[in-house]
Amino acid sequence: MRQDELERTLNRWLPGQVIEALTALEASGAAQIGERYGLRFWSATPAHYPDKGKSQRTIPGRNQGV
(Lines give C-alpha, C1' and ligand atoms only; values in the text may rest on other atoms or scores of the structure.)
Protein backbone atom coordinates (compact mmCIF):
# COMPACT_ATOMS: atom_id res chain seq x y z
CA MET A 1 0.00 0.00 0.00
CA ARG A 2 1.39 3.39 -0.92
CA GLN A 3 2.28 5.70 1.96
CA ASP A 4 -0.39 8.25 0.92
CA GLU A 5 -3.06 5.51 0.74
CA LEU A 6 -2.09 4.27 4.18
CA GLU A 7 -2.32 7.77 5.63
CA ARG A 8 -5.78 8.29 4.09
CA THR A 9 -6.93 4.90 5.40
CA LEU A 10 -5.85 5.80 8.93
CA ASN A 11 -7.04 9.42 8.81
CA ARG A 12 -9.43 8.92 11.76
CA TRP A 13 -6.55 7.91 14.03
CA LEU A 14 -4.65 10.50 16.00
CA PRO A 15 -1.30 11.29 14.34
CA GLY A 16 0.59 9.87 17.34
CA GLN A 17 -1.34 6.60 17.07
CA VAL A 18 -0.46 6.23 13.39
CA ILE A 19 3.24 6.85 13.98
CA GLU A 20 3.26 4.47 16.96
CA ALA A 21 1.48 1.69 15.06
CA LEU A 22 3.67 2.00 11.94
CA THR A 23 6.85 2.15 14.00
CA ALA A 24 5.79 -0.99 15.90
CA LEU A 25 4.95 -2.84 12.66
CA GLU A 26 8.31 -2.02 11.14
CA ALA A 27 10.23 -2.82 14.35
CA SER A 28 8.46 -6.17 14.74
CA GLY A 29 9.44 -7.20 11.22
CA ALA A 30 5.79 -7.66 10.22
CA ALA A 31 5.94 -4.84 7.68
CA GLN A 32 8.58 -3.35 5.43
CA ILE A 33 8.94 0.05 3.82
CA GLY A 34 9.98 0.24 0.21
CA GLU A 35 10.34 2.80 -2.50
CA ARG A 36 9.36 2.13 -6.08
CA TYR A 37 9.13 4.62 -8.94
CA GLY A 38 9.64 7.46 -6.47
CA LEU A 39 6.75 6.40 -4.21
CA ARG A 40 7.09 5.12 -0.67
CA PHE A 41 5.00 2.07 0.20
CA TRP A 42 4.39 -0.48 2.94
CA SER A 43 4.00 -4.22 2.49
CA ALA A 44 4.22 -7.50 4.37
CA THR A 45 7.82 -8.43 5.11
CA PRO A 46 7.73 -11.74 3.17
CA ALA A 47 6.80 -9.85 -0.02
CA HIS A 48 9.56 -9.64 -2.63
CA TYR A 49 9.82 -7.14 -5.45
CA PRO A 50 12.26 -7.54 -8.35
CA ASP A 51 14.86 -4.90 -9.08
CA LYS A 52 13.67 -2.27 -11.55
CA GLY A 53 15.88 -3.73 -14.26
CA LYS A 54 14.20 -7.12 -13.89
CA SER A 55 10.64 -5.88 -13.52
CA GLN A 56 8.34 -6.22 -16.51
CA ARG A 57 6.60 -3.02 -15.44
CA THR A 58 9.69 -1.00 -16.30
CA ILE A 59 8.88 -1.50 -19.98
CA PRO A 60 5.49 0.13 -20.61
CA GLY A 61 3.13 -1.95 -22.72
CA ARG A 62 5.24 -5.10 -22.55
CA ASN A 63 2.40 -7.25 -21.19
CA GLN A 64 -0.45 -5.84 -23.22
CA GLY A 65 -2.39 -8.44 -25.13
CA VAL A 66 -1.24 -11.29 -22.90
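The values are calculated or read from the model by the stated rules, or taken from the named source; none is laboratory data. Bear in mind the structure is a predicted one, so any value in this text is a computation, not a measurement. Counting neighbours? That spans all protein chains shown, and the Cβs are built from the backbone with ideal geometry, glycine included.
Could you tell me whether G61 is at pLDDT below 85 and surrounded by fewer than 10 Cβ atoms within 10 Å (Cβ to Cβ)? Yes, satisfied. Among the residues of the range 2-49, just one is at pLDDT 85 or above, under 12 Å from the mean Cα position of the chain (by Cα) and at positive phi, namely G38.
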